[in-house]
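Here the structure comes first, spelled out in structure tokens, and everything after it is commentary.
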Amino acid sequence: MIEIRAIVTDIEGTTSSIDFVRDVLFPYARKRLPAFVETHGNKPEVQHWLHEAAREAGLVEASRQDIIELLLQWIDQDRKSTALKALQGMIWKDGYEAGDYRAHVYPEVAARLRDWRADGLRLYVYSSGSVPAQKLFFQHSEAGDLGALFAGYFDTETGPKRESESYRRIAEAIDEQPRHLLFLSDIVEELDAAQAAGFHTGWLVRELQTLPNAPRHAVYRDFDAITP
């Protein structure tokens, strides 16, 4: 039996409800993005990501308003843009710190994360949200500050979540062989990519009434069912 030494987990649909991201975080950022860009647009970090958004869209000469409209469109499309995610994370930071909301986590998640950490497993996050947004998410969760449980965070700057090379980079970054790593997600294409890189995989299927037949990945209803 192969020893699992570290767990890499997705967020949306895995540790936390997609509804929280879709119905709370996205609208919060969308409403505040135009004013945020106008008031913070001269800051170097914000300028960098605005430039990256324009470059990604192929806009050679774009006004600030053009980029704002582009970003709003991307929010509506849930585009997995690193630039968009970075800017959203900056806006969400204000909301967390103001106490406007707390990040949702499923009821069993916090206890299982603590148990795994106590058992000596290293914990990591790999999500399409920016690393700063991931840290804020777990620091300001409904279950309290879970941030200290994680040894590291990865976002799409590491690479797309549906490409196996991204998982090889994660394994290299945490100095662990893929066969000792377990990746948890609710998205089969992400699990396929992780499996192709040599990871063990766990498919979180929380909402379906019946489990799929002959899955390619271990299937779990919740974290309590996972025994790494």
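With N set to the number of residues, divide the alpha-carbon radius of gyration of the stretch 160-217 by 2.2 N^0.38 Å and report two decimals.
On the way: Rg = 11.9 Å, N = 58, 2.2 N^0.38 = 10.3 Å.
The value comes to 1.16.
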*Which angle from 0 to 90°, rounded to the nearest 10, does the C-alpha axis of helix 44-57 make with the longest principal axis of the chain?*
80
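Tell me the per residue accessible area of the stretch 45-192 using a 1.4 Å probe; a whole number in Å² is fine. Intermediate values should be presented prior to the final figure.
Numbers: 6800 Å² over 148 residues.
For the stretch 45-192, the per-residue accessible area is 46 Å².
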_What are the extents of the Cα atoms of the stretch 1-133 along their three principal axes, in Å, largest first?_
57, 32, 25
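Taking all protein chains in place and a 1.4 Å probe, what share, in percent, of the accessible surface of the stretch 138-203 do carbon and sulfur account for? Don't skip to the end; give the middle numbers.
Values: 1210 of 2850 Å².
After summing per-atom areas, the C and S share lands at 42 percent.
Multiply the residue separation of ARG64 and ASP78 by 0.36 nm, subtract the distance between their alpha-carbon atoms, and state the gained length in nm to one decimal. Walk me through the numbers before you get to the answer.
Values: separation 14, 0.36 × 14 = 5.04 nm, distance 2.07 nm.
That pair, ARG64 and ASP78, stretches by 3.0 nm at full extension.
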*Report the FRET efficiency, 1/(1 + (r/R0)^6), for ASN213 and ASP115, where r is their Cβ-Cβ distance and R0 is 41 Å, rounded to 0.05.*
0.85
*Return the FRET efficiency for the residue pair HIS48, GLU189: r is the Cβ-Cβ distance, R0 is 30 Å, and the value is rounded to the nearest 0.05.*
0.50
*Along each of the three principal axes of the Cα atoms of the chain, give the extent in whole Å, ordering the values from largest to smallest.*
57, 35, 35
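The values are calculated or read from the model by the stated rules, or taken from the named source; none is laboratory data. Being a predicted model, the structure only gives us computed values, none of them experimental. Please note: Cβ atoms are built from the backbone with ideal geometry, for glycine as well, and neighbour counts cover all protein chains shown. Remember, those area values only see protein heavy atoms, side chains included, never the ligands or the DNA or RNA. Shrake-Rupley method; radii C 1.70, N 1.55, O 1.52, S 1.80 Å.
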